[in-house]
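Notes to accompany the following structure.
The values are calculated or read from the model by the stated rules, or taken from the named source; none is laboratory data. Keep in mind that this is a model prediction, so the values were computed, not measured. FYI the Cβ positions are ideal-geometry reconstructions off the backbone, even for glycines, and counts take in every protein chain you see. Surface areas here come from the heavy atoms of the whole protein model, side chains and all, with no ligands, DNA or RNA. Shrake-Rupley method; radii C 1.70, N 1.55, O 1.52, S 1.80 Å.
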Amino acid sequence: MTREDAADILNRIALLLELKGENPFKIRAYKSGAEVVESYAGDIMQLAADNKLAGIKGIGDALRDKLHEMATTGKLEFFEKRGEAAKISGFGDKTVVKILESIAFRAEHASEFRIDQVYALALDILDTLRAHPAVSRAEVCGSFRRGKETVHDLDFLVSTRKPEQVIADFVALPQIEKVIVQGGTKASVYAPNGVQCDLRAVSSAEFPFALNYFTGSKEHNVVMRQRALDRGLSLNEYGFTPTEAGASLSEAIQEIHDERDIYRALGLDYIEPELRENSGEIEAAAQGRLPALIQLENLRGVFHNHTTASDGRGTLREMAEAARDLGLQYLGIADHSKSSFQANGLNEQRLRAQIAEIRAMNAEFDGHFRLFAGSEVDILKDGSLDFDDDLLAELDYCVASVHNVFNLPEADMTRRIIRAIENPHVTMLGHVTGRLLLQRPAYAVNIPAIIDAAAETGTIIEGEIEAALKKQRAD
Ligand SMILES: [Zn+2]
């Protein structure tokens, strides 16, 4: 067996593990093992045959045994078994193509995480840093602080007079799986789920500037720096420095204690991190017309919810009580319709029974809380709906969504969705692009045309619009 064959097998194992959703460390071990096998300067297959791989970086114990087996027997039993499993599972050609596409999509997004997948970890580490006796201020920066849907890594920032001690304690945290680099004021580590966490330690005076710089976005920072230069100041992650033109400002810039002061010094209202994308926020801040962001207490209820009747995790009663306990004023129930059979969608009879159950339950809530009876109705291939109008008329509202035949040409998909929107019983359009974050790309659809149709018919569009429009612009 050649080294290329051995590397190929290791790479295939990595793919199979990825497909299975295995631990990212295990996957990475096979991938980097394959790289080492391909690029090693000596005769690595001979070394493997002679059991002399010990000490070669990137080849752990498990890989060493596997390489020895390949070098001596010309095959790898572990891999043959897996390969058989894939063959006899009866995957059809179409399925294989789909699997390959999904592997490619996931590989493209391999180092990204949904914000909910890292949220608890980020707050946990942040709490630990804030509780450290040598830390005076700590924040998570980057896209996490800007509230993006997905993040590449977590950027922690602390102000401290004892950077080395804080860094040493950080890399020793139980939440940390592996240290990548550790320096005097900076460390990079991996958490067990594979997300990279960086920590930077700065002084108190630098903290607001570093916080602003590492929160980004890059585009926002570029405009901030230019605005500072226009005022005779050079701005970076450490502070303001007056340029020749700004020599008279050296006293004024001593008074920067937090990010608000930086914005104030540049003649701007404070810009919330969620708005820092250079999409008009600087101009709005200069003119004092920034929007107020939606706060959690603005949320009064939610409409797109599933129960155990289809593919949800809580029963109707559990959902209602949880929503009421959260302080919501209403909850809409929109289980799947019959064509979404894989999600146990409700047929006409089950939906009618659920409507009756909701009406009966509402009588218990004495006016402080209310359930709405709805349905997430499938938009069929031709744009017709999964239930007839008589049944839809019995509902309080209706969410219409595409759940199958994602591969229509853009014009057909757009026509299909607009036809559904035009049904007077449709209150909202569900997940307009059909994407699953980091799992499935959006389908082809003309978003501006959908927005026009929704505006005309008074149909609400669920989320994703900003991302969808951005993507369309990029295309
Ligand atoms: Zn749906």
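Structure data summary
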read-out	value
At 0.692 mPa s and 37 °C, Stokes D of the stretch 113-204 from Kirkwood alpha-carbon radius, µm² per second	254
Kirkwood Rh, Cα atoms: Rg over Rh of the stretch 216-286	0.95
Whole-number percent relative contact order across the stretch 122-245, with pairs defined as alpha carbons under 8 Å at least 6 apart	21
Shape category assigned to the chain from the gyration tensor of Cα positions, a/c cut at 1.5	oblate
The chain, accessible area per residue, ligands and nucleic acids excluded (1.4 Å, Å²)	53
Estimated [θ] at 222 nm from DSSP helical runs (n ≥ 4, -39500 (n - 2.57)) normalised by residues in the chain, nearest 500	-13500 deg cm²/dmol
Loop-resident sites, the stretch 264-309, for trypsin sites (Lys or Arg not before Pro), counting at most 16 other Cβ within 10 Å (DSSP)	Arg289, Arg300
Protein accessible area in the chain, 1.4 Å probe - carbon and sulfur %	51
Percent RCO, i.e. relative contact order, over the chain, from Cα pairs under 8 Å lying at least 6 residues apart	8
